[in-house]
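The structure appears below as structure tokens.
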Amino acid sequence: MVQPFLTASSLDLPAKVCVVAFSVAIPLLASLVVLNRQEAFRRRATRSVVAQLTRVVAQTCAFVGVVAGFWHILWIAGVGVLASGLAAVAVHSASYWRLERDQAPTPQEGEEPGAAEP
């Protein structure tokens, strides 16, 4: 998506936003891929606040880059990507919280599975 902007003689505002957003997102997303491989190897997820913040920043910048890229092509396409992206986040959030709420609680450390609470 950024490739056409690399050789352009001048860029409008949406194109500049697209390039800057992807220039931030790409290295952060690459570091998260490496972290994901390490988490898979260790079979546990990190609890690092820095990793969580990096995920938020990287995903937000990638989304802003896509919206700005489509906005550069045709503003209504940018609005469409923005609206559908926000709807997708709402659907994902609602579904995620519903799945978490409906999940049976896991036994606490030291308790026997299946033991009833007093």
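Here are a few things to note about the model shown:
- The combined condition, being at pLDDT 95 or above, in a helix (DSSP H, G or I) and surrounded by 15 or more Cβ atoms within 10 Å (Cβ to Cβ), is not fulfilled by GLY85.
- Of the helices (runs of 4 or more DSSP H) lying entirely inside the stretch 1-74, those containing at least 2 residues that are aliphatic (A, V, I, L, M) are 13-42, 49-73.
The rows are residues; the columns are (1) touching a Leu at 6+ places or on another chain (Cβ under 7 Å); (2) of a type in the set (D, E, K, R); (3) under 14 Å from MET1 (Cα atoms); (4) in contact (Cβ under 8 Å) with a residue 12 or more places away in the chain.
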{"residue": "ALA25", "(1), (2), (3), (4)": "no, no, yes, yes"}
{"residue": "LEU28", "(1), (2), (3), (4)": "no, no, no, yes"}
{"residue": "LEU32", "(1), (2), (3), (4)": "no, no, no, yes"}
{"residue": "ARG42", "(1), (2), (3), (4)": "no, yes, no, no"}
{"residue": "ALA45", "(1), (2), (3), (4)": "no, no, no, no"}
{"residue": "SER48", "(1), (2), (3), (4)": "no, no, no, no"}
{"residue": "ALA51", "(1), (2), (3), (4)": "yes, no, no, yes"}
{"residue": "VAL57", "(1), (2), (3), (4)": "yes, no, no, yes"}
{"residue": "GLY65", "(1), (2), (3), (4)": "no, no, yes, yes"}
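The values are calculated or read from the model by the stated rules, or taken from the named source; none is laboratory data. For clarity, every value in this text was computed on a predicted model and none was experimentally measured. Note: ideal-geometry Cβ built from the backbone for every residue, glycine included; neighbour counts use all protein chains shown.
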